[in-house]
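Asker: Below is one structure. I have some questions about it.
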Amino acid sequence: MIVQCGQCGSDVKKAPYMVRRAEESGAGLYCNSACAGLARLSAPRRRATITCPHCGETAQKKWSRVNAAKKAGLPIYCSRGCYVLANKLTPTERKRRRRAWDVAWKARNSAYVKARAAERHRARRDAGWRPPSRAKPKRAAVCGHCGEETPRTEGRIERAEALGYSFYCGEECRQDATAARLSKLYAETGRRAYAVDTYGEDFAGAWLAMMGLKEEIRNNKRGEDNG
């Protein structure tokens, strides 16, 4: 079939199926690839109309971008500003994503990370570097039960002195001091009266049973140590 070129207007011979397919799709027929390229450049580009999920406005976008976004399951916005506002991250979320990215990068480049760490370690070792000691200075504090001296940091001693706390050289001294303090308190107010006043009538019985069990365990432990 003889048809006219859609760009230069000259007559060109085309197969009937090509003419039929061009009429169905609305595409033009051209005498050569040069005319087809010129027609493609001069023709207005077809774009898709999308609705911005952030501001609700409509916009024209390339079909390639629209198809790529649909394939990836991602929204497409009308502008860069709407994209930034819609995906604005809080400082906490930004740190979380940065940390996740760092972990993933180190996992992908584990050999490189290990090699660099070994190189730094060798350089420090050759230079005679030693990590600074993190041990805090300590001074002697007197045990509040047996009177023996026990080392404690300056900060703990100052905090205890400000709050009126006592130091103990071990768990046994702490338990004995607590038992002595409670015995003195029971003698002054009565054990059940103290429990009712402190924990209420509903929980006084449970507290008394628990304290009795603790005393029994402590006495059995001392008997085993002495035996």
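The values are calculated or read from the model by the stated rules, or taken from the named source; none is laboratory data. Fair warning: this is a prediction, and the values are worked out from it, not measured in the lab. Ideal geometry is used to build each Cβ from the backbone, glycine not excepted, and the neighbour counts take in all protein chains shown.
Asker: Would you mind stating whether Arg139 is over 24 Å from Arg181 (Cβ atoms) and over 39 Å from the mean Cα position of the chain (by Cα)? Talk me through it step by step, then tell me what you get.
Answerer: Values: over 24 Å from Arg181 (Cβ atoms): yes; over 39 Å from the mean Cα position of the chain (by Cα): yes.
Considered against the rule, which asks whether it is over 24 Å from Arg181 (Cβ atoms) and over 39 Å from the mean Cα position of the chain (by Cα), Arg139 comes out as yes.
Here's the yes/no breakdown for (1) in a helix (DSSP H, G or I); (2) of a type outside the set (Lys, Arg); (3) surrounded by 13 or more Cβ atoms within 10 Å (Cβ to Cβ); (4) not assigned by TED's automatic domain parsing to the domain that holds Ala117:
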site	(1), (2), (3), (4)
Cys35	yes, yes, yes, yes
Val66	yes, yes, yes, yes
Cys78	no, yes, yes, yes
Cys82	yes, yes, yes, yes
Arg96	yes, no, no, no
Ala100	yes, yes, no, no
Ala104	yes, yes, no, no
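Asker: In addition: Residue by residue through the stretch 1-59, note down the ones that are of a type in the set (Ser, Thr, Tyr) and within 30 Å of Ala86 (Cα to Cα). Talk me through it step by step, then tell me what you get.
Answerer: So in the stretch 1-59, the residues of a type in the set (Ser, Thr, Tyr) come out as 10, 17, 25, 30, 33, 42, 49, 51, 58.
The answer is Thr49, Thr51, Thr58.
Asker: Residues Gly9, Gly73, Gly37: which one is at positive phi and over 52 Å from the mean Cα position of the chain (by Cα)? Step through it out loud before you land on a result.
Answerer: On the way: Gly73 fails: over 52 Å from the mean Cα position of the chain (by Cα); Gly37 fails: at positive phi.
Going through Gly9, Gly73, Gly37 in turn, the sole match is Gly9.
Asker: Continuing with this model, one more query. For the subset of the stretch 12-32 comprising residues that are under 56 Å from the mean Cα position of the chain (by Cα) and of a type in the set (Gly, Ala, Ser), which member is modelled with the highest pLDDT? So that I can check it myself, show each step before the final result.
Answerer: Taking the stretch 12-32 and keeping what is under 56 Å from the mean Cα position of the chain (by Cα), we get 24-27.
Those still in the list that are of a type in the set (Gly, Ala, Ser) too: 25-27.
On the way: Ser25: 68, Gly26: 68, Ala27: 74.
Residue satisfying both the conditions and the ranking: Ala27.
Asker: Hey, another quick one. Test of understanding: among Arg120, Arg130, Arg97, which residue is under 30 Å from Ile157 (Cβ atoms) and not polar (S, T, N, Q)?
Answerer: Of Arg120, Arg130, Arg97, the one residue that is under 30 Å from Ile157 (Cβ atoms) and not polar (S, T, N, Q) is Arg130.
Asker: List every residue pair whose Cβ atoms sit under 9 Å apart, with the two residues 6 or more apart in sequence or on different chains, where the first one lies in the stretch 181-197 and is within 22 Å of Gly144 (Cβ to Cβ) and assigned to a helix (DSSP H, G or I) and the second, anywhere, is modelled with pLDDT of 75 or more and among the hydroxyl-bearing types (Ser, Thr, Tyr).
Answerer: Leu182/Tyr194; Leu185/Tyr194; Tyr186/Tyr194; Glu188/Tyr194
Asker: Take the residues in the stretch 1-33 that are touching a Cys at 6+ places or on another chain (Cβ under 6 Å) and in a loop (DSSP other than H, G, I, E, B); name whichever of them is surrounded by the fewest Cβ atoms within 10 Å (Cβ to Cβ).
Answerer: Quick first cut of the stretch 1-33, residues touching a Cys at 6+ places or on another chain (Cβ under 6 Å) only: 5, 7-8, 10, 12, 30-31.
Checking the rest, the ones that are also in a loop (DSSP other than H, G, I, E, B) come to 5, 7-8, 10, 30-31.
On the way: Cys5: 18, Gln7: 20, Cys8: 14, Ser10: 11, Tyr30: 23, Cys31: 19.
Ranking the qualifying residues of the stretch 1-33, first place goes to Ser10.
For (1) of a type in the set (D, E, K, R); (2) assigned by TED's automatic domain parsing to the domain that holds Gly147; (3) surrounded by 14 or more Cβ atoms within 10 Å (Cβ to Cβ); (4) at pLDDT below 80, each residue gets a yes or a no:
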{"position": "Gln175", "(1), (2), (3), (4)": "no, yes, yes, no"}
{"position": "Ala187", "(1), (2), (3), (4)": "no, yes, no, yes"}
{"position": "Thr198", "(1), (2), (3), (4)": "no, yes, no, no"}
{"position": "Lys221", "(1), (2), (3), (4)": "yes, yes, no, yes"}
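Asker: Kindly indicate whether Tyr168 is modelled with pLDDT of 80 or more, among the hydroxyl-bearing types (Ser, Thr, Tyr) and surrounded by 14 or more Cβ atoms within 10 Å (Cβ to Cβ).
Answerer: Numbers: modelled with pLDDT of 80 or more: yes; among the hydroxyl-bearing types (Ser, Thr, Tyr): yes; surrounded by 14 or more Cβ atoms within 10 Å (Cβ to Cβ): yes.
Here the answer is yes, as Tyr168 does meet what is asked.
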